[in-house]
Amino acid sequence: MEIAIGLGENEDVLKAIEYFPFKIHLAKNNQELLNYLKNPKIDGVIRGSLESNIILDLKKEYPEIFRASLLEKDGHKFLLSPVGIDEGDSISSKITIVEECAKAITLLGEEPKIALISGGRKNDKGRSEKIDQSIETCEKIENLLKDRYDIKHYYILIEEAIKEHANIIIAPDGITGNLIFRSLVLVAGMKSNGALTLNQPYIFIDTSRSQNTQGYINSINLMKKLIEKNRGP
């Protein structure tokens, strides 16, 4: 197994890689990391502590990619998506996000249990056009996908979705998803295993440049598990 990880100003990446016995290549800029991404000898790539504009570079080739962060609370893991601020702005893109997250959580050995989150409770309709649109979007997606997945619209009650062990949580949009991620992980200290970059052919994990050593260790462990699952028995 060989992977590559980006090294920016946060050198906790260097501390993290000391915990692993397999080959981990360091990339000191975006172009080096993108070159590793297409190298057939490399099994997977992690952003590490490089600047977030590497995702913009990746989107030039794969404009429909999105991120899904794998979070963990009290042993329960769930994907939160979208978390990129320019992702999940249409019904069609959110359906793609649901489908790709379902594939990813299945690869990780779980049956998809999907929670749609919108901008208010059911009886909040009529309070504003924005709230109405958010609720109606999730209602449409739930109706379109209810015969394919275990999917439920939780409205704004994300706490209920986590309490009922949903393993895929779909935020109203990428800005909200990013704020949820930052609140749970960077403020409240919830465990993060990195963000899977989905809807493209490579195994790529996005990480925050603000992560600590343990955060990067979690991401490398996730990469290891994905590579092993992808290879099969």
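Each value in this text was obtained by applying a stated rule to the coordinates, not by laboratory testing. Every value quoted in this text rests on a predicted model; they were computed, and no experiment measured them. Heads up, the Cβs are rebuilt from the backbone with ideal geometry, glycines too, and the neighbour counts pull from every protein chain shown.
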Residue-averaged 222 nm ellipticity for the chain, from DSSP H runs of 4+ at -39500 (n - 2.57), nearest 500: -12000 deg cm²/dmol
task: Among Y19, Y36, Y62, determine the one that fluctuates most according to a GNM of the chain built with springs between C-alpha atoms less than 10 Å apart.
output: Y19
- request: Rank the residues M190, M223 as a footprinting-exposure proxy: fewest other Cβ atoms within 10 Å of their Cβ go first.
  value: M190, M223
task: Beyond 22 Å between alpha-carbons counts as too far, so tell me which of K41/K77; K59/K152; K73/K152 fall in that bin.
output: K41/K77; K59/K152
message: What does the extension gain come out to for F20 and K73, with contour length at 0.36 nm per residue minus their alpha carbon separation?
response: 16.6 nm
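Of the listed pairs K94/K130; K140/K225; K60/K94, which have alpha-carbon separations greater than 24 Å here?
K140/K225
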- prompt: Over its Cα atoms, what ratio of radius of gyration to 2.2 N^0.38 Å does region 68-191 give?
  reply: 0.98
- prompt: Working out 0.36 nm times the residue gap between D86 and N143, then minus their Cα-Cα distance, what length gain in nm do you get to one decimal?
  reply: 18.0 nm
statement: The local net charge around A115, scoring Lys/Arg +1 and Asp/Glu -1 for residues other than A115 whose Cβ lies under 12 Å from its Cβ, equals -2
- request: For the chain, build the charge dipole from Cβ charges (+1 Lys, Arg; -1 Asp, Glu) around the Cα centre, then report which of N178, F204, L157 sits farthest towards its positive end.
  value: F204
Gaussian network model of the chain, springs between alpha carbon atoms under 10 Å - residue of R121, R67, R148 with greatest fluctuation: R148
message: Are there any chymotrypsin sites (Phe, Trp or Tyr not before Pro) in region 83-167 that are in a DSSP loop and have at most 15 other Cβ atoms within 10 Å? List them by number.
response: none
